[in-house]
Amino acid sequence: MTSRYLTQGKSEEEIAGDPGNGNYSINATQPTNGVCGNSQNKRPAAILSYDHPTATDQLPIVDGPDPVNLRCEDTTDFRPVVARDIPRSEFNISPSNTLSVNLLRDTNRSQVFWTVNNTGLNVMWEKHILEFVREGNTSWPDNENLLEIPSGSQWSFWLIENELNVPHPLHLHGHDFVVVSRSPALDDSVLNDAMTPVRHFDPVRDAPDMGNFTNPTRCDATMLSGKGWLIVAFRNDNPGAWLFHCHIAWHASVGLSVQFLERKNEIKDIMDLDFIEDNCKAWQSYIDTNPPWQPKNDSGI
């Protein structure tokens, strides 16, 4: 393998080279199709040098290959060194467990924003969701976009569908997740064709081909393709409040995000929530005396 596509996230890689050859180019750049964005620096590079008796200070002669056009589709055929299998028996689709996501425009403020289940994310800087947990208060506002994750160490599976032709990199806090399955990415010419239909997940058609339950790729960010679907899963083993959001900053800013409240009854046992309250008070005092932060005009994350 000479290259891999990595969405807006991070990855640990083991690179094996021949120290006798000296210096190597390492490039991090965008594919040329423009679907995933463009860069003013077409080939930002680093040089990997081995401390070896035959190594020289000569710069690498070869710049390296151009990035492959993978249509904003992550490479997911890697197998983690620490193996972890996923119980297929826990993957069940229920139409009743559905969240609708919409892109709206506020004509009064000329602003677009996303809603989840008809509410736009708007976190309260002055009262973190963990303060509700500290108080034993479950009356948090709807616009916290909060979803409670069941207690126990079972797996949570999330099937996400994208009706737009724009891919979205999705990032989860507090966990790595496994990429169980996804619809194949489309070439940009097909993706941008108004006649190309949205590809919805079909249990009859797609479930039999979902064989990625044996030590699948793990990451904390992956790409949801345009007009397609994605299935990720994580184990409920980390009590806390965790964001799951689009990793494009302004998309998160206008609400493309939910919060997971995981095993809330165990949070007090492992976290000093009084410290959380002190931090929130200090932050509120700061923004009250710094006008550029007021009024808050986005989701707050």
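All of the numbers you see were taken from the coordinates with simple rules; none came from a lab. Please read all numbers here as calculations on a predicted model, not as lab measurements. Please note: Cβ atoms are built from the backbone with ideal geometry, for glycine as well, and neighbour counts cover all protein chains shown.
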Calculate the spin-label point distance for TYR286 paired with ASN27, positioning each point 7 Å from the Cα along the beta-carbon direction, and give it in nanometres. 4.0
Charge tally in the Cβ shell below 13 Å around VAL232, where Lys, Arg are +1 and Asp, Glu are -1, VAL232 excluded: -1
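Go ahead and run the numbers for FRET between GLN40 and GLU126, Cβ-Cβ distance against an R0 of 30 Å, rounding to 0.05. Could the numbers behind the result be given before it?
Numbers: r = 39 Å, r/R0 = 1.29.
Once the sixth-power term is evaluated, E becomes 0.15.
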Between ASP298 and ASP269, what is the spin-label point distance in nm, taking each point 7 Å from the Cα along the Cα→C-beta axis? 3.8
Just to be sure I understand the model, the point goes 7 Å from the Cα along the line to the Cβ. What's the resulting ARG205 to THR138 distance in nm? 4.0
Based on alpha-carbon positions alone, could you give the equivalent ellipsoid semi-axes of region 110-260 from the gyration tensor, as √(5λ), descending, whole Å? 29, 21, 12
